[in-house]
Amino acid sequence: MNFRPARVGKLIRTELAKIILREVEFGDALVTITAVTVDKNLEHASVSVSVIPSAKTAAALRALGATTGRLQHLLMKKINIKPMPRISFAVDHGMENAASVERMLLHE
């Protein structure tokens, strides 16, 4: 069993969170990296992000999309692995779904 993709994903999550905190401005939105999934040949990493409030999700994804190249470059300088996975961002609706379930349970 190969654990390298999981270890690389954890490392990318840790370092990318620090880089995003310094490099990307989201206004009054809170953006959190919830998971990083790296494919088995280490070519691609899908970064799941949660945005609060959810109304700011589109703006946050635009900000991340506009800075993906710079984030990738800074990540390559911070982590010395070959090959460095190409990152892409996706929305994680887990927190939003959990909140809606909680609201439904409290109203019944």
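The values are calculated or read from the model by the stated rules, or taken from the named source; none is laboratory data. Small disclaimer: the values here were computed from a predicted structure and weren't measured. Please note: Cβ atoms are built from the backbone with ideal geometry, for glycine as well, and neighbour counts cover all protein chains shown.
Just a few scattered comments:
- Gly65 vs. criteria exposed (fewer than 15 other Cβ atoms within 10 Å of the Cβ), small (Gly, Ala, Ser) and touching a residue at least 60 places away in the same chain (Cβ under 8 Å): no
- Within region 62-84, being aliphatic (A, V, I, L, M) and touching a Phe, Trp or Tyr at 6+ places or on another chain (Cβ under 8 Å) holds for Ala63, Leu64.
- Annotation note: of Met104, Met95, the sole residue that is surrounded by 10 or more Cβ atoms within 10 Å (Cβ to Cβ), assigned to a helix (DSSP H, G or I) and not β-branched (Val, Ile, Thr) is Met95.
- Of residues in region 1-59 being basic (Lys, Arg) and assigned to a helix (DSSP H, G or I), the one surrounded by the fewest Cβ atoms within 10 Å (Cβ to Cβ): Arg22
- Residue check for Ala35: closer than 28 Å to Ala98 by Cβ, of a type outside the set (Asp, Glu), out of contact with any Gly (no Cβ under 7 Å at 6 or more places or on another chain) and at pLDDT 90 or above: yes
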